[in-house]
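Single-structure report; data block below.
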Amino acid sequence: MRTLIRLVGLVVTGLVLLVVMAGPASAHATLLFTGPAADGTVPDGPGALTLIFDQPVTVTGSSVRLFDADGRAVPTERAGVGDGGRSVTAAVDQRVGGGVYTVAWQVVAGDGDVMGGEYRFAVGPAASTLGNGQTSSATKGVGWVTVLRWLLFVALALYLGGLAGQRLTHHHRDETTPDPPRPWLLPGALAGLVTTLGLAALLVGDGSPIRGLARLTPAALLETGPGRLAAVQVAGFALAVLAVLARRAGWGAVPVGVVVVAEALRAHPQGRQPGSGALLTAVHLVAVAVWVGALVQVLRTLAVWRGRPGVGRVLLGAYARLALWLLALVVATGGLSALVLVPLNRVVTTGYGQLLLVKIALVVVAAVLALTARWHLRRAAAAHDGGPPRPARLEAGVLVGVLGLSGLLTALPTPTDPKAPLPFAPPAAGPVVPAGTLAGQIGVAVRASDGQLVVQLSTPDATGEPAASQADYQMSAALADPDGPSRTLTLRGCGSGCFTAPVGWPEGTSRLTLTAAADGWTGGRTSLAVAWPPRPDPELLREAVAAMRQVGQFTLHERVTSDTSRGLGTPSALSLSGARFLDSEPYGSGQAPVTTRLDSTDGQTRLALAYPAESLQIELALAPDGKIIREVLAAPKHLITRSFVYPDHDAP
Ligand code: HEM
């Protein structure tokens, strides 16, 4: 027991040190969005491919590759990362023509696993529907990862458990018992060294250990965070080998403890709950290693002590008491990790959850076998020859199986909660229909694109920087289709003030009703029209601006409000020329990042403009001769409503 407490103490101290020194949390990465959109169609060949992940990733060699429909590679430049490691972009060297293209990607996730996958997109009218737009992320070389991690766990058990088992057997021997066998410390340390080298090769070899061996250099390994953790593990086992050779095997527990800490920092729970997640894994791993490794050492000793039932029983009894504590620790830390990683509603519906259930069932079998071994020993005390009881040998076998299953668990992606907030807004899929307004004092910027709605709320906070606002936002949304039926949208958070929902936009004008609230500000309800499909029309804006430049003096009636709950503001009138008016307008140059023609009403053509970087949305109503007759400009802090009255000779 004291050995266990020391080991746990050692690992916890190391963990605290490494958590302090280590970088950000790590975990499996999921590909959230792509540009061009997966299974989407773009009018022209893209100049670059963009992949956005939910976690920071690192790129290696050929991380993003593009293939045409015949499987021929289209040259792309080496991928670079941005957005704090979350987005990966690779420039496409040549303009590609119409057709279906496949993007094959692979990156190194925070947990050191090489993730990869494929998705398609189409250029031109060749393919309008390719699939459902789902991208998938999978660990590359799952088989290798599973087997190598399994061996790693066995190596840890042989070393740490071997030391614990050795103490136990030495404590319970007497002068008459033969020497207990030497624990398998050197085989454990050597196996650990080979295994961690294999895992490191897997990392630099993009999922292939063979390719990785050729590329395995300290520089290649130390380039990425996961690579550095792998290097720590290799060094840990190398030091343990040296410690055993120098007949100081006990000292080897320190570097092997550091291997456990590095493993805990790499593992899934740390990705979900930085700090405490690693602590859970570290304690879980040490308890598991001692449970399994000490059992192996005790069984080997009992085999040597066969014919000495008295000492054998005492030894097994002492191990059983230790194992009970270990079981409690393993179940508590394993159970907590499971709660952190798997939402309860996804336990039976995901491969990861199902495998976890199989693991728990096997642990129950191992616990029952452990109890049977004790009971067997007590009942058959007289008949027992002191050799390793059969249930205990079976228990060791089942536990080694559980180690293998755990290796597979570490290689699988953990289930994600489809309602969990996204770290940032999904990029638009194809052309956008923008809309904007104020709801009370809260700025509302709406972006409708293929299959999705993104709403960005903002408050006019004291710094005047809407993006810097950390207000706590709430929003609900209902959508009325063009033919009437209305439904409530299920929204998902996508950053501060950002909400998104999957929406299959029906053709025509849908009406979106939003209720927005933010702490400390007046919220409200507002309604916006979304005309689908998008009809990008930059030419129409240029025509309107050209028409306005010709206009002499006219009267601009304007109302400005910063809180729609108090009305649209006091009207004011201004006389100015068309050219002067345009000088103060964001679209005065005749250009806007997003320009979409909306449905015409009452003979007026309507145009929606958006300036995403400035959170500006503008809706213009145009007369048949192109002059503006109405404008609604929504900025984060105010809503401006304008009517244009032209002198009679200028009238449309
Ligand atoms: C009720 C009992 C247990 C539960 C609920 C449990 C649960 C878990 C969970 C959720 C993980 C995280 C896996 C990941 O990273 O995706 C884990 C890791 C692990 N568990 Fe268990 N476990 C239990 C018992 C055991 C036992 C009895 C053993 C071994 C004999 C074991 C060995 C391991 C190992 C080796 C890891 C890998 C740690 C790493 O990521 O490096 N577990 N366990």
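Every number in this text was worked out from the coordinates using simple rules, so none of it is lab data. Note that the structure is a prediction, hence the values are computed from the model and not measured. Positions of Cβ are generated from backbone atoms using ideal geometry, with glycine treated the same way; all protein chains shown enter the neighbour counts.
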Of Gly143, Gly212, Ala282, farthest towards positive along the dipole that unit charges on Lys, Arg, Asp, Glu beta carbons give the chain: Ala282
- request: For the chain, build the charge dipole from Cβ charges (+1 Lys, Arg; -1 Asp, Glu) around the Cα centre, then report which of Ala104, Gly162, Val81 sits farthest towards its positive end.
  value: Gly162
- line: Under 5 Å from the placed amide H of Gly523, counting only residues 5+ away or on other chains, we find Gln441, Ala518
query: To the nearest 10 degrees, how steeply does helix 142-156 sit against the main Cα axis of the chain, on a 0 to 90 scale?
result: 40
message: If R₀ is 30 angstrom, what is the calculated FRET efficiency for the pair Ala501 and Ala546, using the beta carbon separation as r and rounding to 0.05?
response: 0.20
Order of Glu585, Glu395 under a 10 Å beta carbon neighbour criterion, fewest first: Glu585, Glu395
- prompt: What order do you get for Trp375, Trp291 when you list them from fewest to most C-beta neighbours inside 10 Å?
  reply: Trp375, Trp291
message: Testing the spin-label approximation: label points 7 Å from Cα along Cα→Cβ at Ser486 and Ser527. State their distance in nm.
response: 0.7
- prompt: Between the helical axis of 2-21 and the dominant principal axis of the chain, each derived from Cα atoms, what acute angle in degrees is found, rounded to the nearest 10?
  reply: 30
FRET E, pair Asp174, Leu324, Förster distance 22 Å, beta-carbon r, rounded to 0.05: 0.35
field: Simple Cβ-charge dipole of region 433-650, Lys/Arg +1 and Asp/Glu -1, about Cα centre, in debye nearest 20
entry: 200
Value of relative contact order over region 433-650, rounded to a whole percent, pairs C-alpha under 8 Å and six or more apart: 23
statement: Any residue on another chain or 5+ positions along whose placed amide H is under 5 Å from the amide H of Leu31 is listed here as Ser137
message: At R0 = 41 Å, how high is the FRET efficiency between Arg72 and Asn345 if r is their beta carbon distance? Nearest 0.05 is fine.
response: 0.40
field: Residue-span extension gain [Val358 to Ser600] - 0.36 nm each, minus C-alpha spacing
entry: 81.0 nm
message: Taking amide H atoms as placed 1.01 Å from N in the peptide plane, list the residues 5 or more away in sequence, or in a different chain, whose amide H sits under 5 Å from that of Val57.
response: Arg86
Net charge dipole size for the chain [Lys, Arg +1 and Asp, Glu -1 on Cβ; Debye, nearest 20]: 3840
- request: Let me have the relative contact order for region 223-377, percent, based on Cα pairs under 8 Å that are six or more residues apart.
  value: 18
message: Can you show me the helix-derived [θ] at 222 nm for the chain, built from DSSP H runs with n ≥ 4 at -39,500 (n - 2.57) apiece and divided by the number of residues, rounded to the nearest 500.
response: -12500 deg cm²/dmol
- line: Here region 263-268 yields Karplus 3J(HN,Hα) values (6.51, -1.76, 1.60; θ = phi - 60°; whole Hz; Gly and Pro given as x) of 5, 5, 6, 7, 6, 4
- prompt: Remind me, relative contact order of the chain in percent, using alpha carbon pairs under 8 angstrom and six or more residues apart?
  reply: 10
task: At most 15 other Cβ atoms within 10 Å and a DSSP loop assignment: could you name the trypsin sites (Lys or Arg not before Pro) in region 292-343 that fit?
output: Arg306
- prompt: How large is ³J(HN,Hα) for each residue in region 81-95, as worked out from phi by the Karplus curve 6.51 cos²θ - 1.76 cosθ + 1.60 (θ = phi - 60°), to whole Hz, x for Gly and Pro?
  reply: 10, x, 6, x, x, 8, 10, 10, 10, 10, 6, 8, 5, 10, 5
query: How far is helix 185-204 tilted off the main Cα axis of the chain, in degrees rounded to 10, range 0 to 90?
result: 20
message: Can you tell me the length gained on complete extension of the stretch Ser572 to Val194, counting 0.36 nm per residue apart and subtracting the Cα distance?
response: 128.1 nm
field: Extension reserve of the Ser589-His557 stretch, reckoned as 0.36 nm per residue once the Cα distance is removed
entry: 9.3 nm
